[in-house]
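Here the structure is laid out as structure tokens; the discussion comes afterwards.
What follows draws every value from the coordinates through simple rules; no lab data is involved. Bear in mind that the values here come from a model prediction, so they are computed numbers and not experimental data. Cβ coordinates were reconstructed from backbone atoms using ideal geometry, including for glycine residues, and neighbour counts include every protein chain displayed.
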């Protein structure tokens, strides 16, 4: 392993690629004591994640996932490993390459499943929820939705994240808005009526309220979930992937787009919010399920799932084209 590590840390890109490939082969064969060497492996691979070569970055992420898989069978992950790797994943979740984004999501889910405390590990991704790069927000939602399905609401509590997910419903980029709807649907599969009562405390737009009622009703009737938005293709609008995939289980590529699309953000004229909803007070304080339910978004929509009209996004938004210029 020493030679592979030396190549990984080389300044020559060809040696780095060869070193990561050699390290990956050793991990796959099980000839490396990943439990004892986890820190050294992470220290060698994390700098490689900053490189612009997508092949190198994706292979490095796969090595980290293999390391997590081996360590999880022997004991808990070192805290420094979790901290450093999860924070590094935030930028990779906003990568322009779909394969890199998916690999970053898989590593995050693997760490959440291996450490015995999914909620604590997920907290390391918090800054992705409001990142300038919209892909970071989209993939943060993907991790949350898949994590809720994989670990349940008892291991990954829902209420601390409701405010951030609802904020993503008003994002300028359609893939982020759609991923937010997918995440709320995953939350509803776990919390059911409790989530509906909690959402009544927030001033949801009428369009969002209707979409969520349709999704919740369809999910409750046993229809297959639409799934959290997956990484999507390069420069794409972000498709929907398998929300129910297991933790770190190679969560699949982009699938068909969600049939219930989130509407574009509302226009604000003269400081007045022109959203199409009944007048209501601002969000109630608190995001747990123990407060009194306010008026607004209740009611279970029934009937078949109908595709809603999705109007054009804000100026500069072309169906999710990446205008962010990459992660910062």
Qualifying positions in the stretch 188-198 - in a helix (DSSP H, G or I) and surrounded by fewer than 24 Cβ atoms within 10 Å (Cβ to Cβ): 188, 189, 190, 191, 193, 194, 195, 196, 197
Members of the stretch 119-157 found to be over 20 Å from residue 82 (Cα atoms), in a loop (DSSP other than H, G, I, E, B) and within 14 Å of the chain's Cα centre (by Cα), listed by number: 131, 133
Residue check for residue 96: more than 28 Å from residue 214 (Cα to Cα), more than 12 Å from the chain's Cα centre (by Cα) and assigned to a loop (DSSP other than H, G, I, E, B): yes
Pick from the stretch 1-30, criterion touching a residue at least 12 places away in the same chain (Cβ under 8 Å) and not in a helix (DSSP H, G or I), ranking: surrounded by the most Cβ atoms within 10 Å (Cβ to Cβ): 1
Residues satisfying the stated conditions in the stretch 126-149, i.e. surrounded by fewer than 21 Cβ atoms within 10 Å (Cβ to Cβ) and touching a residue at least 12 places away in the same chain (Cβ under 8 Å): 127, 129, 130, 132
Qualifying residue in the stretch 172-183 (condition: over 29 Å from residue 79 (Cβ atoms) and assigned to a loop (DSSP other than H, G, I, E, B)): yes
Odd one out for residue 62, checked against (1) in a helix (DSSP H, G or I); (2) over 24 Å from residue 148 (Cα atoms): (2)
Yes/no for residue 159 being farther than 17 Å from residue 108 by Cα, surrounded by 22 or more Cβ atoms within 10 Å (Cβ to Cβ) and touching a residue at least 12 places away in the same chain (Cβ under 8 Å): no
